Amino acid sequence: MFLKIDPSRGDPIYRQIMDQIKYSIASGALRPGERLPSVRQLSLDLGVNPTTIVKAYTELEHEGVVHTRRGMGTFVSEAPVEIADHRKLEILDRLAERLVVEAVQLGVSAERLTRILTDVIARMGADNSTGD
């Protein structure tokens with residue numbers, strides 16, 4: 001499981017962790033029944049306080065996304081996680097806005113940014129052409 005935390009973002013770190021775990025589940029990168037890293041391990045991996053990981057896991061458990069087995073760890077729940085289309089668009093809009101702001105600060109033109117995105121999409125094989 002790959003998580004990337006950005007302390008400069010406006011949302012709390014525990015929320016970033018929660019969202020990324022949900023996205024990983026919704027995309028199939030994390031499967032039902034799969035064990036999540038221990039609180040201690042994820043805390044070390046991300047360089048954050050273990051309390052932050054506990055908060056993220058606890059909130060995810062309250063939402064039914066994960067469940068904890070005493071002495072065994074935290075696991076992805078069997079119920080599928082779906083992200084509503086409007087929520088996906090909100091997330092992408094926020095990310096796109098951040099990308100454009102950083103591109104402008106770096107002096108990258110809109111045309112160049114468009115070419116960069118097109119190249120990244122092609123490289124990742126992410127063009128699913130759904131027409132959205």
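Does at least one position in the stretch 14-29 carry a residue that is closer than 21 Å to G73 by Cβ, among the charged types (D, E, K, R), assigned to a helix (DSSP H, G or I) and at pLDDT 95 or above?
No, the conditions are met nowhere in the stretch 14-29.
Considering the stretch 100-124 alone, what residues qualify as being of a type in the set (A, V, I, L, M) and either in contact (Cβ under 8 Å) with a residue 60 or more places away in the chain or part of a helix (DSSP H, G or I) (or both)? Give the derivation first.
Going residue by residue through the stretch 100-124, those that are of a type in the set (A, V, I, L, M) are 100-101, 103-104, 106, 108, 110, 113, 116-117, 120-122, 124.
The answer is V100, V101, A103, V104, A110, L113, I116, L117, V120, I121, A122, M124.
Of all residues being of a type outside the set (D, E), touching a residue at least 12 places away in the same chain (Cβ under 8 Å) and touching a Ser or Thr at 6+ places or on another chain (Cβ under 7 Å) in the stretch 58-82, which is surrounded by the most Cβ atoms within 10 Å (Cβ to Cβ)? Just the residue, please.
V66
Within the stretch 36-50, how many residues turn out to be within 13 Å of L3 (Cβ to Cβ) and either in a helix (DSSP H, G or I) or not assigned by TED's automatic domain parsing to the domain that holds Q20 (or both)? Steps first, please.
At the first step, the residues of the stretch 36-50 found to be within 13 Å of L3 (Cβ to Cβ) are 36-37, 41-48.
After this cut, where a residue has to be either in a helix (DSSP H, G or I) or not assigned by TED's automatic domain parsing to the domain that holds Q20 (or both) as well, the list is 41-46.
Number of matching residues: 6.
So which residues in the stretch 10-33 are loosely packed, with under 14 Cβ neighbours inside 10 Å, farther than 11 Å from A56 by Cβ and not hydroxyl-bearing (S, T, Y), if there are any at all? Lay out the reasoning, then the answer.
In the first step, residues of the stretch 10-33 are kept if they are loosely packed, with under 14 Cβ neighbours inside 10 Å; the result is 10-12, 27-29, 31-33.
Subsequent filtering for residues that are farther than 11 Å from A56 by Cβ retains 10-11, 27-29, 31-33.
Hits for the stretch 10-33 are G10, D11, G28, A29, R31, P32, G33.
Scan I91, I53 and give me the residue that is assigned to a helix (DSSP H, G or I), of a type in the set (V, I, T) and closer than 30 Å to L117 by Cα. Lay out the reasoning, then the answer.
On the way: I53 fails: closer than 30 Å to L117 by Cα.
Just a single option satisfies the conditions, and that option is I91.
Within the bounds of the stretch 41-57, is there any residue that is of a type in the set (S, T, Y), loosely packed, with under 14 Cβ neighbours inside 10 Å and at pLDDT 95 or above? If you could, list the steps in order and put the result at the bottom.
We begin by selecting, within the stretch 41-57, every residue of a type in the set (S, T, Y); these are 43, 51-52, 57.
Imposing the further condition that a residue be loosely packed, with under 14 Cβ neighbours inside 10 Å reduces the set to 51.
Still in the list and also at pLDDT 95 or above: 51.
Yes, some residue in the stretch 41-57 is of a type in the set (S, T, Y), loosely packed, with under 14 Cβ neighbours inside 10 Å and at pLDDT 95 or above.
The values are calculated or read from the model by the stated rules, or taken from the named source; none is laboratory data. Values in this document were obtained by computation on a predicted structure and should not be read as measured data. Using ideal geometry, Cβ is built from the backbone for each residue, glycine included, and neighbour counts are taken over all protein chains shown.
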